Amino acid sequence: MSLAENTTQQLWQSFGPRKKEIVHRADAGSYSIQIYDDSFLKEPFLPTTFFEKWAGVAVMSFKKIPQGLEVLQIPEGHWAVFEYQGLPRDFGDLVKYVMTDWLPHSPYELDARPQFEYMDENYKGPMDPLSQEEFWVPLVK
């Protein structure tokens, strides 16, 4: 998908009801994961930039994954974690701050691993301005 052709809502509408089928869950939280190709680190990010989007949960075992769902393993590494509270429409402000202000002034570089948001069991949903989540950014030391 891309931001211009955003299908996040449809993704969560199809995955959300299936979460209860997943055994061996590590916790009650959910993950919204973005995977970018190699050009992400070399070219400007535009609303038309395509990326792969996953909705998921952490599991302690890959046994008994329900039919029609897939396993995505996120490689270990260093991460910067940013807290966010608000509506999805304003989340881009945090991403812009991280990518154009915080990251260039930090001793780190962006790594070519997935980026993701973690929403714990207290997440209030995308229409609640009090919803909180974590934005995990992969880093190279």
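From the residues in segment 114-141 that are touching a Phe, Trp or Tyr at 6+ places or on another chain (Cβ under 9 Å) and not in a strand (DSSP E or B), which one is nearest to His78 (Cα to Cα)? Before you say what the answer is, go through the steps one by one.
Step one: filter segment 114-141 for residues touching a Phe, Trp or Tyr at 6+ places or on another chain (Cβ under 9 Å), giving 114-119, 126, 131-141.
Right, trim to not in a strand (DSSP E or B) and you get 114, 126, 131, 141.
Numbers: Pro114: 12, Pro126: 28, Ser131: 25, Lys141: 7 Å.
Top of the filtered list is Lys141.
Check whether at least one residue in segment 4-22 is more than 20 Å from Gly68 (Cα to Cα), of a type in the set (A, V, I, L, M) and touching a residue at least 60 places away in the same chain (Cβ under 8 Å), and report yes or no. It would help to see each step written out before you state the result.
Initially, segment 4-22 is screened for residues more than 20 Å from Gly68 (Cα to Cα), giving 4-6.
Pick out the ones that are also of a type in the set (A, V, I, L, M) and you get 4.
Filter once more, keeping what is touching a residue at least 60 places away in the same chain (Cβ under 8 Å): none.
No, the conditions are met nowhere in segment 4-22.
Look at Lys64 and say whether it is assigned to a loop (DSSP other than H, G, I, E, B) and among the basic types (Lys, Arg).
Details: assigned to a loop (DSSP other than H, G, I, E, B): yes; among the basic types (Lys, Arg): yes.
When the stated conditions are applied, Lys64 passes them.
Considering each residue of segment 105-135, count those that are out of contact with any His (no Cβ under 8 Å at 6 or more places or on another chain) and under 20 Å from Asp38 (Cβ atoms), and give that number.
Here is the first cut: in segment 105-135, the ones out of contact with any His (no Cβ under 8 Å at 6 or more places or on another chain) are 105-107, 109-110, 112-135.
Now restrict to residues that are under 20 Å from Asp38 (Cβ atoms): 109-110, 112-116.
Residues meeting the conditions: 7.
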Note to self: Here's a check for you: in segment 33-79, which residue that is at pLDDT 90 or above and among the β-branched types (Val, Ile, Thr) is surrounded by the fewest Cβ atoms within 10 Å (Cβ to Cβ)?
What the structure shows: Val71
Checklist line | Matching residues, segment 84-138, being in contact (Cβ under 8 Å) with a residue 40 or more places away in the chain, surrounded by 12 or more Cβ atoms within 10 Å (Cβ to Cβ) and aliphatic (A, V, I, L, M) | finding: Leu87, Leu94, Val95, Met99, Leu110, Ala112, Met119, Val137
Next item on the list: Of the conditions (1) closer than 17 Å to Trp12 by Cβ; (2) touching a Leu at 6+ places or on another chain (Cβ under 8 Å); (3) small (Gly, Ala, Ser), Gly77 clears all except one; give me its number.
Entry: (1)
Notebook entry, point to check: What single numbered condition from (1) modelled with pLDDT of 95 or more; (2) acidic (Asp, Glu); (3) over 14 Å from the mean Cα position of the chain (by Cα) fails to hold for Glu121?
Noted result: (1)
Note to self: For Leu69, only one of the following conditions fails: (1) assigned to a loop (DSSP other than H, G, I, E, B); (2) within 13 Å of the chain's Cα centre (by Cα); (3) of a type in the set (A, V, I, L, M). What is its number?
What the structure shows: (2)
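Does Val137 satisfy being at negative phi, out of contact with any helix residue (DSSP H, G or I) (no Cβ under 8 Å at 6 or more places or on another chain) and β-branched (Val, Ile, Thr)?
Values: at negative phi: yes; out of contact with any helix residue (DSSP H, G or I) (no Cβ under 8 Å at 6 or more places or on another chain): no; β-branched (Val, Ile, Thr): yes.
So Val137 does not fit the description; no.
The values are calculated or read from the model by the stated rules, or taken from the named source; none is laboratory data. Note that this is a predicted model, so its numbers are computed, not measured. We place every Cβ from the backbone using ideal geometry, glycine too, and count neighbours over all the protein chains shown.
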